[in-house]
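Only one structure is covered here, and it is reproduced in the block below.
Readers should treat all values here as calculations from the given coordinates under stated rules, not as data from a laboratory. What you see is a predicted model, and the numbers here were worked out from it, not measured in a lab. Methodologically, a virtual Cβ is constructed for each residue, glycine included, from the backbone with ideal geometry; neighbour enumeration extends over all protein chains shown.
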Amino acid sequence: MIVWDFLGQFECNDVTNHTAKFEQIIKHSVFNVAVRLPEYYFPFICQFVKQTGKCTFLIDEIDMISSPTSIPKELDDLLRYGRHQEVDIIATARRPAEVHRNLTANSDDIYVYQTHEPRDLTYLSRFMDVEQIKTLSQYECLHYNALAQEYTREKVPTEFVKE
């Protein structure tokens with residue numbers, strides 16, 4: 001798994017904040033870390049993920065690198081064609097209305113947690129059941145499986161909840 005961690009929230013022994021360490025990883029073709037690098041490295045990471053293939057690329061806070069109207073070309077390529085390299089993408093965002101439509105359009109699964117923001121609900125209403133979203137409780141989500149076009153309500157397991 002390759003993790004792009006904008007806010008430095010992932011805690012693991014393999015996390016690096018150092019450009020030199022990242023370049024060493026690339027040189028030796030070993031990549032099993034969460035990275036916190038300057039934003040200008042993001043297109044390179046996307047290219048690396050595509051070339052590496054057969055991996056999962058987690059992008060935390062994807063709205064920090066894209067918007068509803070713009071997306072880095074390298075990320076757009078991954079979203080559209082990464083399946084050919086067997087790349088799975090997991091992305092998080094606090095505000096659904098602030099993500100690029102190519103992300104949701106190419107998603108097999110979408111998980112939405114409690115939200116009451118009108119703009120987000122309007123955005124989600126294009127492909128999800130907003131009435132169910134309005135009734136979600138804390139730590140509960142609506143899981144939309146786009147392939148089956150089915151909704152399920154799910155709760156975050158208590159061991160993952162930090163109060």
Give me the compactness ratio for segment 79-124, meaning the Cα radius of gyration over 2.2 N^0.38 Å.
1.27
Those trypsin sites (Lys or Arg not before Pro) in segment 74-142 that DSSP places in a loop and that have at most 14 other beta carbons within 10 Å
ARG94, ARG126
Loop-only check: which GluC sites (Glu not before Pro) in segment 54-159 are DSSP coil with at most 11 other Cβ within 10 angstrom?
GLU86
Let me test this: with uniform point scatterers at the alpha carbons of segment 32-163, what is the Debye-based log₁₀ I(q)/I(0) at q = 0.13 1/Å?
-0.60
Tell me which of ALA91, THR115, PHE48 sits at the most positive position along the dipole axis of segment 41-124, charges placed on C-beta atoms (Lys, Arg +1; Asp, Glu -1).
PHE48
